[in-house]
Amino acid sequence: SSEADMSTVTKPTNPGSDPRVSAVFADIRATRGGDFINNLWHCLACDPTLLENTWRDVKAVMATPSRLDPMTKQPIYTAESIANNCSYCIQSHTIAARALGMSEAQHAEFLTIVSLAGGMNHLLNGMQIPIDPEFNHDQQT
C-alpha cells in the first residue's frame, strides 16, 4: 500500500470550495510566498476549525519573526520530529531548512548532534543520575 492509502482521514477532493479553507490556503501561500499547499494542510481541511487552529499555531511559531531565526527553528523542529518518529515532519522541515540555506555539511553536523543527544539521553535515563544543583535555574544569577 502507498502512503496515501495509510492516511487516517479522507483528503477532501475540493477543499478550496469551503471559504474558511480557502482563506487559510491563501494565507499559507502568502506567508510562504508560493503556490504549493502540502498534504498536511489538504488533509486538515477535512475539519476547517482544526485547519484554522493548526495553521494559526504553526504560523505564530514558525513563520513569525522572533528571537530565533528561521534557519535555527527548522532544525529544532526536525530534531523534535526525529525524537517523535514523524517522517512527514522530518522530511518537510529538512527541506525547509535546506531552502533557507542549510548546507550538506550543516545537515551532517545537525545529525551528529541529534545522534549524540539521543545516545546521551538514553544513558542518562538508564543511569538516573541526580541533576547537579548548579544546573538548577533558580541558582543561576
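The values are calculated or read from the model by the stated rules, or taken from the named source; none is laboratory data. Bear in mind that the values here come from a model prediction, so they are computed numbers and not experimental data. Positions of Cβ are backbone-derived with ideal geometry, glycine not excepted, and every protein chain shown enters the neighbour counts. What goes into the accessible areas is simple: the full protein's heavy atoms, side chains included, and nothing from ligands, DNA or RNA. Shrake-Rupley method; radii C 1.70, N 1.55, O 1.52, S 1.80 Å.
Would you work out what percent of the accessible area of the stretch 20-139, with all protein chains in place, is carbon or sulfur (probe 1.4 Å)? C and S atoms contribute 60 percent here. Compute the separation of the alpha-carbon centres of the stretch 63-141 and the stretch 1-50 and state it in Å as a whole number. The stretch 63-141 and the stretch 1-50 have Cα centres spaced 28 Å from each other. For a 4.7 Å threshold on C-beta separation, the list of partnerless cysteines in the chain reads C43, C46.
Hey, how much of the P(r) for the chain falls beyond 20 Å, as a percent of Cα pairs? Everything past 20 Å amounts to 61 percent.
Restricting the stretch 1-75 to trypsin sites (Lys or Arg not before Pro) that sit in a DSSP loop and have at most 15 other Cβ atoms within 10 Å of their own Cβ leaves R67. Here the contact order of the chain, divided by its residue count and restricted to Cα pairs under 8 Å and six or more residues apart, works out to 15 percent. Surface exposure of the stretch 27-141, expressed per residue as accessible area with a 1.4 Å probe, stands at 72 Å². Comparing P65, P48, P130 in a Gaussian network model of the chain (Cα springs below 10 Å), the most mobile by mean-square fluctuation is P130.
The overall shape of the stretch 53-130 is prolate: from the C-alpha gyration tensor, with semi-axes ordered a ≥ b ≥ c, the ratio a/c is 1.5 or greater and a/b exceeds b/c.
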